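Here's the structure we're looking at; comments come further down.
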Amino acid sequence: DEIQGALGEVDLIVSAGSFSLLGVPPVVSEEAGSIDGVKEVSPVKFGFMRLLDDEGKRKAAESEQADASVEEDPTTAVFGAGDDAPAGEDVVANGFEPSNYFSLVDLGEIVGDPEAYPGSALVARAEIANERGWSVGDTIPVYFASTGIQDLTLVATFSDGLGPEDNYYLSNETIVAN
């Protein structure tokens, strides 16, 4: 119900068929947009990042203590981050099209501008941002397995997600670059 309510007037969702980091090829969005009667297309992607803020480091330390008794192969670290990656909290991020996603999908009250800084934009659930001490405009350090440490700008927060784990959004440009 939460997802259906948030999607409002969305008529069609095209999926890669199974959880895929690559998602639907861009040509599908282009072709869908050219179909008579299609008003808007908003491609989404999925990505992973490690939060390197104080809360992320605290959670990583707690997790490390809890896992100390379990022998782990460091080459199989979560999200492709090797053992030389900085400590932090691994999270899933949804990729979004800044020009229209937040006008098509109702995520409640939006504070800030999701279209700002498309190459380094981070949008977070307001409750999570507050718990972490983040405010719109803050620089949030993160780690991507393929590009290393990056600084993202919290450009907006939202009050309602598409589910309990729907907490972070990055622009599709950021997902692809990292």
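The values are calculated or read from the model by the stated rules, or taken from the named source; none is laboratory data. This structure is a prediction, so every number in the text was calculated from the model and none was measured. Note: ideal-geometry Cβ built from the backbone for every residue, glycine included; neighbour counts use all protein chains shown. SASA here: full protein model, heavy atoms, side chains in, ligands and nucleic acids out. Shrake-Rupley method; radii C 1.70, N 1.55, O 1.52, S 1.80 Å.
Scanning region 105-154 for residues that are aliphatic (A, V, I, L, M) and under 27 Å from Val41 (Cβ atoms) turns up Val105, Leu107, Ile110, Val111, Ala116, Ala121, Leu122, Val123, Ala124, Leu152, Leu154. In region 40-60, which residue that is over 17 Å from the mean Cα position of the chain (by Cα) and in contact (Cβ under 8 Å) with a residue 12 or more places away in the chain is most open to solvent (accessible area, probe 1.4 Å)? Top of the filtered list is Asp54.
When Ala116 is tested against (1) at pLDDT 90 or above; (2) closer than 17 Å to Ala177 by Cβ, only condition (1) is not met.
Is at least one residue of region 72-88 under 15 Å from the mean Cα position of the chain (by Cα), modelled with pLDDT of 85 or more and surrounded by fewer than 18 Cβ atoms within 10 Å (Cβ to Cβ)? No, region 72-88 contains no residue that is under 15 Å from the mean Cα position of the chain (by Cα), modelled with pLDDT of 85 or more and surrounded by fewer than 18 Cβ atoms within 10 Å (Cβ to Cβ).
Taking (1) without any contact (Cβ under 8 Å) to a residue 24 or more places away in the chain; (2) open to solvent by 30 Å² or more (accessible area, probe 1.4 Å) in turn, Gly148 satisfies each apart from (2).
Is it the case, given these coordinates, that Gly161 is at pLDDT below 85 and open to solvent by 30 Å² or more (accessible area, probe 1.4 Å)? No. Just one of the listed residues (Asp138, Asp106) is surrounded by fewer than 19 Cβ atoms within 10 Å (Cβ to Cβ), farther than 16 Å from Leu51 by Cα and charged (D, E, K, R), and it is Asp106.
Scanning region 29-39 for residues that are among the polar types (S, T, N, Q) and surrounded by 14 or more Cβ atoms within 10 Å (Cβ to Cβ) yields one hit, Ser29.
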